[in-house]
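Below is one structure; the comments refer to it alone.
Rule-based calculations on the coordinates, nothing more; no lab input. The structure displayed is predicted, hence computed values, not measured ones. Reconstructed Cβ throughout: ideal geometry from the backbone, glycine too, with neighbour counts over all protein chains shown.
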Amino acid sequence: MFIDMHMHESRYSKDSFLMLEEMVEIAKERGLGAICITDHDDMGLKEFAAEYSKKVDFPIFVGIEFFSLQGDIVAFGIEEYPKERVSAQEFIDLVKAQGGICFAVHPFRNNNRGLEENLKTVQGLDGIEVLNGSTLPEANKKAADYAKELGKITVGSSDCHIPEKIGFFATYFPEDVKTLEDMIRVFRSGGCKPAYYWEGEYKIWDMETPIHKPFLIK
Ligand SMILES: [Zn+2]
């Protein structure tokens, strides 16, 4: 099963042009088994997403993309999050205390919002996003090298803000999941792999071969 783990919806991400309804429709067309909404520093969509997920019978997991003082981190399985910026370590500790999971997103993207070398010093990160749909290939490759060296779970996601980007990258889950609890359990158990959409289907990325597909950098 493939899940896009990092996506932005316009109601709570002001830089997104996407509505949840359209996101689900396109996700289904592409063959994704679930989507994740990770708005900037906000989980306001949670209730609506839960209702809509039920209505259309399609899993939608709401997490958060939190802008810590050292860079962006995506987390799932939390209820509480800081209302202002705190250090990456403080945020990770909060996630862990609530039994959630978290991963660094676009750690080397050229927008000064990645953890960069902090990847090596923070404690408790579960994973690293090694395919981000708004990041140049060399920065994704560098993230993959760090993930390998640090033994982290590897994630692929579109980081979409526009329809064309939905499901551009995704994460392979070795088991089908329907609930957030299941998603977290399978994520933790390992076996997730980064994947890319190419010629009508998802292909798992071996983290070595350059991906020859057009990169739409927003
Ligand atoms: Zn994002």
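Before moving on, here are some points about what is shown:
- Residue order, fewest to most beta carbons within 10 Å, for LYS120, LYS28, LYS165, LYS96: LYS120, LYS28, LYS96, LYS165
- Estimated FRET transfer efficiency when R0 is 25 angstrom, pair GLU51-LYS120 (beta carbons, to 0.05): 0.05
- ASN112 paired with LYS28, simple spin-label distance in nm, labels 7 Å along Cα-to-beta-carbon: 4.3
- Extending 7 Å from Cα along the Cβ direction at ILE162 and again at LYS14 yields two label points whose distance is 2.1 nm.
- Two-site FRET efficiency, ILE204 against ALA97, from Cβ-Cβ distance with R₀ of 41 Å, rounded to 0.05: 0.80
- Near-label residues of segment 52-68 by backbone N, under 20 Å of a point 7 Å along Cα→Cβ of GLU21: 52-61
- A Förster radius of 30 Å combined with the Cβ-Cβ distance from GLU138 to LYS83 puts the calculated FRET efficiency at roughly 0.25.
- Among MET7, MET43, the order by Cβ neighbours within 10 angstrom, fewest to most, reads MET43, MET7.
- Counting every other Cβ atom within 10 Å of each residue's Cβ, ASP57, ASP126 order from fewest to most as ASP57, ASP126.
- The chain: relative contact order as a whole-number percent, Cα under 8 Å and 6+ apart: 21
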